[in-house]
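**Q** Below is the structure I would like to discuss, written out as structure tokens.
The values are calculated or read from the model by the stated rules, or taken from the named source; none is laboratory data. Quick caveat, the model's predicted, so the values are computed rather than measured. Here the Cβ positions follow ideal geometry from the backbone for every residue, glycine too, while neighbour counts run over all protein chains shown.
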Amino acid sequence: MNEHHQHGQDAPTDRPVPLLDLHRQNRPLRDAYLAELAQVLDSGIFVLGPYIERLEERIAAYSHSRYAVACASGSDALILALSACGVGVGDEVIVPSFTFFATAGAVARLGAVPVFADLDPITFNIAPDHVARLITKKTKAIIPVHLFGQSADMDALSVIADKHGIPLIEDAAQSIGAEWRGRRVGSLGDLGCFSFYPTKNLGAAGDAGIVTTNDPELAKRVRLLRVHGMEPRYYHSIVGMNSRLDAFQGAILNVKLDHLDEWTE
């Protein structure tokens, strides 16, 4: 018997301590998850449907927005938002130089050019004064990213966007529930994009995302784009994509949403 066991101590281990232990969040909710998932299974409605509609209503209310449109991932949310604003080949979109790849990647996927702006040295969010200097005739959108749960300077960015008539698309993938002067992120620009990747403070059991907006026409366009541009069924007025969220993720997220504020605190 080694010295640690003789004194009633646990033996040292070479196993690393995980940076994030999702079991701590999920174990207490396991029974609630299973009950909701069983209802989805019994319903036979596995893509979109009432669980997704409920999630959209709740996220819209939570983010102080009129509309929310669920989709397959946060990356898809960015592509849908950019597409809804008409961004395409040869256009320029201003993005921060410090962000996850998906912010710039979504721009490039549409054939547009990501133009990288400098950062605020205190918050590491996008610097509005540099954004203003980067605008050209080709600029079709600005994407501020709310990093680490803190909002970018949306007052200054809104003034710039309004002056030039350029859509402001919030990348709030890391920051659901964050506020700027009493208003929730996702409601401050023309559209907001959220990720529910499992490691987020509101995480699905897989990939999921959502787009928020206060503009009914933009909401309608995002809904159309996420189902191949189809409305009514099998009639396609525009080229969209397949980014429908499955009901199982909606069920999990609806359970978790009740605990979001507690977890964030």
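**Q** Specify the residue that is farthest from the chain's Cα centre (by Cα); the eligible residues are those in segment 54-75 that are surrounded by 14 or more Cβ atoms within 10 Å (Cβ to Cβ) and closer than 15 Å to ALA251 by Cβ.
**A** Residue satisfying both the conditions and the ranking: ARG54.
**Q** Sticking with this one: Quick check on GLY111: is it surrounded by 15 or more Cβ atoms within 10 Å (Cβ to Cβ) and modelled with pLDDT of 95 or more?
**A** no
**Q** Being modelled with pLDDT of 95 or more, among the aliphatic types (A, V, I, L, M), closer than 20 Å to ALA108 by Cα and touching an Asp or Glu at 6+ places or on another chain (Cβ under 9 Å), is that true of even one residue in segment 191-200?
**A** Yes, that holds for at least one residue.
**Q** Kindly list the number of the only condition in (1) surrounded by 22 or more Cβ atoms within 10 Å (Cβ to Cβ); (2) under 19 Å from ALA70 (Cα atoms) that fails for ASP190.
**A** (1)
**Q** Is it fair to say SER237 is modelled with pLDDT of 95 or more, polar (S, T, N, Q) and touching a Gly at 6+ places or on another chain (Cβ under 8 Å)?
**A** It is false that SER237 is modelled with pLDDT of 95 or more, polar (S, T, N, Q) and touching a Gly at 6+ places or on another chain (Cβ under 8 Å).
**Q** Just one of the numbered conditions (1) closer than 24 Å to ALA251 by Cα; (2) modelled with pLDDT of 95 or more; (3) among the hydrophobic types (A, V, I, L, M, F, W, C) is not true of ALA178; which one?
**A** Unmet for ALA178, out of (1) closer than 24 Å to ALA251 by Cα; (2) modelled with pLDDT of 95 or more; (3) among the hydrophobic types (A, V, I, L, M, F, W, C): (2).
**Q** Given (1) touching a residue at least 12 places away in the same chain (Cβ under 8 Å); (2) out of contact with any Gly (no Cβ under 6 Å at 6 or more places or on another chain); (3) surrounded by fewer than 16 Cβ atoms within 10 Å (Cβ to Cβ); (4) within 17 Å of ILE79 (Cα to Cα), identify the lone condition not met by LEU218.
**A** Only one criterion is unmet by LEU218, namely (3).
**Q** Another question, then. Identify, by number, the condition in (1) of a type in the set (D, E, K, R); (2) surrounded by 15 or more Cβ atoms within 10 Å (Cβ to Cβ); (3) farther than 17 Å from ALA106 by Cα that ASP258 doesn't meet.
**A** Among (1) of a type in the set (D, E, K, R); (2) surrounded by 15 or more Cβ atoms within 10 Å (Cβ to Cβ); (3) farther than 17 Å from ALA106 by Cα, ASP258 violates only (2).
**Q** Test each condition in (1) modelled with pLDDT of 95 or more; (2) more than 18 Å from THR99 (Cα to Cα); (3) surrounded by fewer than 22 Cβ atoms within 10 Å (Cβ to Cβ) for LEU225 and report the one that comes out false.
**A** Of everything listed in (1) modelled with pLDDT of 95 or more; (2) more than 18 Å from THR99 (Cα to Cα); (3) surrounded by fewer than 22 Cβ atoms within 10 Å (Cβ to Cβ), LEU225 misses just condition (3).
**Q** One residue is enough: does segment 139-151 have a residue meeting the conditions more than 28 Å from ARG226 (Cα to Cα), assigned to a loop (DSSP other than H, G, I, E, B), at pLDDT 95 or above and touching a strand residue (DSSP E or B) at 6+ places or on another chain (Cβ under 9 Å)?
**A** For segment 139-151, residues more than 28 Å from ARG226 (Cα to Cα), assigned to a loop (DSSP other than H, G, I, E, B), at pLDDT 95 or above and touching a strand residue (DSSP E or B) at 6+ places or on another chain (Cβ under 9 Å): absent.
**Q** While we're on this one: Do you know which residues across segment 147-186 are closer than 18 Å to LEU119 by Cα, in contact (Cβ under 8 Å) with a residue 60 or more places away in the chain and β-branched (Val, Ile, Thr)?
**A** Once the filter is applied, which keeps residues that are closer than 18 Å to LEU119 by Cα, in contact (Cβ under 8 Å) with a residue 60 or more places away in the chain and β-branched (Val, Ile, Thr), segment 147-186 yields only ILE169.
**Q** Checking the conditions here, which among LYS140, LYS163 is loosely packed, with under 15 Cβ neighbours inside 10 Å and of a type in the set (Lys, Arg)?
**A** Result: LYS163 is the single residue among LYS140, LYS163 that is loosely packed, with under 15 Cβ neighbours inside 10 Å and of a type in the set (Lys, Arg).
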